[in-house]
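Have a look at the structure below, then the notes.
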Amino acid sequence: DILMARAQARQRRDPYVDVCFFATVSGSGAPEVRAIALRDIVAQGFALLINANSPKWQQVSANGQCSLHLLWATVQRQYRVYGRLEPMEAERLHQYWERKGHASRLLEHYYEAVLPQSQPLPSRDALLEGIEELKQRYPNADRVPLAASLRPRPADFRVHMAAGHTDGELFTWLS
């Protein structure tokens, strides 16, 4: 069971327990993979917060192709996940937003107001100046409103589980 494996990985302080690798397909058909935060795993699916201005969201919106990979080496489990992305209900979105720290909330607004996510930065100083301006506007986390460009999507995925053998090198795929 994936929930039990995640609980065991968390107990063993697996460094990737809250990370998944999100794969999409670019407009030219090239695969792209990046690590993103895995917010939650619930009956409705896997909760991801994806900025609407990010290339990953643009790719999924364009072609619907994506998958997740979860790797919890401390419990010898990995999962490949395929499915469709669906909008997260507003109440759940607000719960995840409330969990975000001040800096993380400011960064979401930076993507909206200054420079879209994954765009080349003019300089480190430009990033810090933009964040500082947002800090002046929103001095603490409670005052930072939900970013309009945040598009959370829990995925309604089919899960393929890999159970690790004791030698840690071989995996048997289960459906």
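Looking at (1) touching a helix residue (DSSP H, G or I) at 6+ places or on another chain (Cβ under 6 Å); (2) open to solvent by less than 60 Å² (accessible area, probe 1.4 Å), find the lone condition where R39 falls short.
So the condition that R39 fails would be (2).
Can you name the condition, by its number, that V33 falls short on among (1) under 15 Å from R80 (Cβ atoms); (2) buried (at least 17 other Cβ atoms within 10 Å of the Cβ); (3) in contact with a Ser or Thr (Cβ under 9 Å, 6 or more places away or on another chain); (4) aliphatic (A, V, I, L, M)?
In the conditions (1) under 15 Å from R80 (Cβ atoms); (2) buried (at least 17 other Cβ atoms within 10 Å of the Cβ); (3) in contact with a Ser or Thr (Cβ under 9 Å, 6 or more places away or on another chain); (4) aliphatic (A, V, I, L, M), V33 misses (2) alone.
Given the structure, is E91 at pLDDT 85 or above, open to solvent by 60 Å² or more (accessible area, probe 1.4 Å) and of a type in the set (D, E, K, R)?
When the stated conditions are applied, E91 does not pass them.
Could you tell me whether any residue of region 69-80 is under 12 Å from the mean Cα position of the chain (by Cα), open to solvent by 10 Å² or more (accessible area, probe 1.4 Å) and at pLDDT 90 or above?
yes
Any residue at all in region 20-31 that is at pLDDT 90 or above, over 23 Å from L150 (Cα atoms) and of a type in the set (V, I, T)?
No; the residues of region 20-31 include none that is at pLDDT 90 or above, over 23 Å from L150 (Cα atoms) and of a type in the set (V, I, T).
Do we have L85 as touching a Cys at 6+ places or on another chain (Cβ under 9 Å) and open to solvent by less than 20 Å² (accessible area, probe 1.4 Å) here?
no
Can you tell me which residue within region 54-68, out of those that are of a type outside the set (S, T, N, Q) and not in a helix (DSSP H, G or I), is surrounded by the most Cβ atoms within 10 Å (Cβ to Cβ)?
Selected residue: C66.
Could you grab me the full set of residues in region 115-145 that are buried (at least 17 other Cβ atoms within 10 Å of the Cβ), part of a loop (DSSP other than H, G, I, E, B) and aliphatic (A, V, I, L, M)?
V144
Return yes when P31 is free of Cβ contacts under 8 Å to residues at least 12 places away in the same chain and under 21 Å from G101 (Cβ atoms) and no when it is not.
So P31 does not fit the description; no.
The values are calculated or read from the model by the stated rules, or taken from the named source; none is laboratory data. For clarity, every value in this text was computed on a predicted model and none was experimentally measured. No Cβ is skipped: glycine too gets one built from the backbone with ideal geometry, and neighbour counts run over all protein chains shown. Please note that ligands, DNA and RNA were not included when accessible areas were found on the heavy atoms of the full protein model with its side chains. Shrake-Rupley method; radii C 1.70, N 1.55, O 1.52, S 1.80 Å.
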